[in-house]
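See structure below.
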Amino acid sequence: MAMNSRFSCLPQAFHITRSSKPFLSFSVKLQGQSEVRRVVKMSAVETTNSRISYESFAIKPPSHPTYDLKGIIKLALAEDAGDRGDITCMATIPFDMVVEAYFLAKEDGIIAGIALAEMIFYEVDPSLKVEWSKKDGDDIHKGVQFGKVHGRAHNIVVAERVVLNFMQRMSGIATLTKAMADAAYPAYMLETRKTAPCLRLLDKWAVLIGGGRNHRMGLFDMVMIKDNHISAAGGVSNSLKAVDLYLEQRNLKVEVEVETRTLEEVKEVLHYASQTNTSLTRIMLDNMVLPLPNGDVDISMLKEAVQLVNGKFETEASGNVTLDTVHKIGQSGVTYISSGSLTHSVKALDISLKIDTELALKVGRRTGRA
């Protein structure tokens, strides 16, 4: 199975070895050499990471009943490895070479994903040693080295892109969340379900690291009556009545939120709640922040809605929330402010992992990225 003029893989280069702990291994034979090297080993089954526990994390990930965090790591590594492994590493890096590689910040921000990075390195090679001068949630600044990994160069490079892909996205989310949460005070900042497919838990973990709070994890952990539910049920009161009956019949205790789009709907919710023992806990005040031609926003409708609720329920402002408008919205008296922008269109924070940091810094200074 020839790959190029520099090296060739044996016919059995890719195989699954059956044992009590199955693994994927890749063997390579360099042209002109008789030695066959096994250069990649990745677990194909669930393993127990005895060195890392959630309790040791600076900020723990949110809980989810079915989400497999280690499974996501394995999928990301398998996506990169394909059916051959890292053929560039096989060609260029001696398998037994040991190096140190350093994490380098290329812009200012909030670092997130350090705990996840440790899990990824451990999955690739448990013998890799990772040290950090920062923890999840800390500030980092352009040009600063904030961590290092020591061990086999091949395995460090195999893990590099997967680690950085996760860390850069999570750090971008945490950085924006920190800015929004600080500006929103005294209101609390929430994300939404507008997350990258299959990265829900990681996106929401990054929000926590950035100082925000989590909205519902999915469809299962909170009742959230939105416009389509209201339309299908025949109105706000009908939808609330249906939810109360559903929860009572099944003896379910979960938070309940209802979306309102007008002051009339807010009044209808309050009237319903005054007439019955409802499970309602929060009222969403949707699109009650009105954009103005000068870029400012009018929050008079939002403030009136908050005054109508008068502390009887939690309130949540949604719509027209940006870094420029969130401070003013936070002064309206709402309990929470939610924004899909925290996760759905976040800009990744620029981070690199370099063996030759001196050259990396030189190039970074030349390009203004270090």
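Values as computed for the structure displayed
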item	result
Residue among 203, 244 that alone is in the same structural domain as residue 307 (by the TED database), more than 30 Å from residue 179 (Cβ to Cβ), among the acidic types (Asp, Glu) and open to solvent by less than 30 Å² (accessible area, probe 1.4 Å)	244
Number of positions in region 156-207 that are part of a helix (DSSP H, G or I) and either among the basic types (Lys, Arg) or free of Cβ contacts under 8 Å to residues at least 40 places away in the same chain (or both)	7
Test: residue in region 300-312 that is open to solvent by 40 Å² or more (accessible area, probe 1.4 Å) and touching a Phe, Trp or Tyr at 6+ places or on another chain (Cβ under 8 Å)	no
Residue ID - most open to solvent (accessible area, probe 1.4 Å), chosen from residues in region 159-172 that are hydrophobic (A, V, I, L, M, F, W, C) and out of contact with any strand residue (DSSP E or B) (no Cβ under 9 Å at 6 or more places or on another chain)	166
Per-region count, region 145-158, residues open to solvent by 30 Å² or more (accessible area, probe 1.4 Å) and closer than 14 Å to residue 353 by Cβ	4
Residue 140 in the same structural domain as residue 359 (by the TED database) and open to solvent by less than 20 Å² (accessible area, probe 1.4 Å)	yes
Criterion violated by residue 347 - all others in (1) surrounded by 19 or more Cβ atoms within 10 Å (Cβ to Cβ); (2) within 24 Å of residue 182 (Cβ to Cβ); (3) in contact with a Leu (Cβ under 9 Å, 6 or more places away or on another chain); (4) not small (Gly, Ala, Ser) satisfied	(1)
Residue match in region 336-357 (condition: within 24 Å of residue 264 (Cα to Cα), in contact with a Pro (Cβ under 7 Å, 6 or more places away or on another chain) and modelled with pLDDT of 95 or more)	no
Only one of 322, 315, 335 that is touching a Leu at 6+ places or on another chain (Cβ under 7 Å), among the polar types (S, T, N, Q) and closer than 24 Å to residue 193 by Cα	315
Count of region 49-108 residues which are over 20 Å from residue 127 (Cα atoms), among the small types (Gly, Ala, Ser) and part of a loop (DSSP other than H, G, I, E, B)	3
Identity of the residue in region 121-136, under 20 Å from the mean Cα position of the chain (by Cα) and assigned to a loop (DSSP other than H, G, I, E, B), that ends up surrounded by the fewest Cβ atoms within 10 Å (Cβ to Cβ)	135
Which numbered condition residue 95 misses (of (1) buried (at least 16 other Cβ atoms within 10 Å of the Cβ); (2) at pLDDT 95 or above)	(2)
Residue selected from region 213-237 under the condition farther than 30 Å from residue 186 by Cα and not aliphatic (A, V, I, L, M), by the criterion surrounded by the most Cβ atoms within 10 Å (Cβ to Cβ)	237
Test: residue in region 242-255 that is modelled with pLDDT of 95 or more, in contact with a strand residue (DSSP E or B) (Cβ under 9 Å, 6 or more places away or on another chain) and closer than 30 Å to residue 58 by Cα	yes
Selection within region 199-246 - at positive phi and in contact with a helix residue (DSSP H, G or I) (Cβ under 7 Å, 6 or more places away or on another chain)	211
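This table checks each residue for (1) among the hydroxyl-bearing types (Ser, Thr, Tyr); (2) surrounded by fewer than 21 Cβ atoms within 10 Å (Cβ to Cβ); (3) part of a helix (DSSP H, G or I).
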position	(1), (2), (3)
264	no, yes, yes
267	no, yes, yes
270	no, yes, yes
277	no, yes, no
288	no, no, no
294	no, yes, no
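Yes or no, residue by residue, for (1) outside any loop (DSSP other than H, G, I, E, B); (2) assigned by the TED database to the domain that holds residue 110; (3) over 30 Å from residue 158 (Cα atoms):
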site: 284; (1), (2), (3): yes, no, yes
site: 303; (1), (2), (3): yes, no, yes
site: 312; (1), (2), (3): no, no, yes
site: 334; (1), (2), (3): no, no, yes
site: 352; (1), (2), (3): yes, yes, no
site: 358; (1), (2), (3): yes, yes, no
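The values are calculated or read from the model by the stated rules, or taken from the named source; none is laboratory data. This is a predicted model, so every value here is computed, not measured. Ideal geometry is used to build each Cβ from the backbone, glycine not excepted, and the neighbour counts take in all protein chains shown. Protein only, heavy atoms only, side chains kept; ligands, DNA and RNA dropped before computing areas. Shrake-Rupley method; radii C 1.70, N 1.55, O 1.52, S 1.80 Å.
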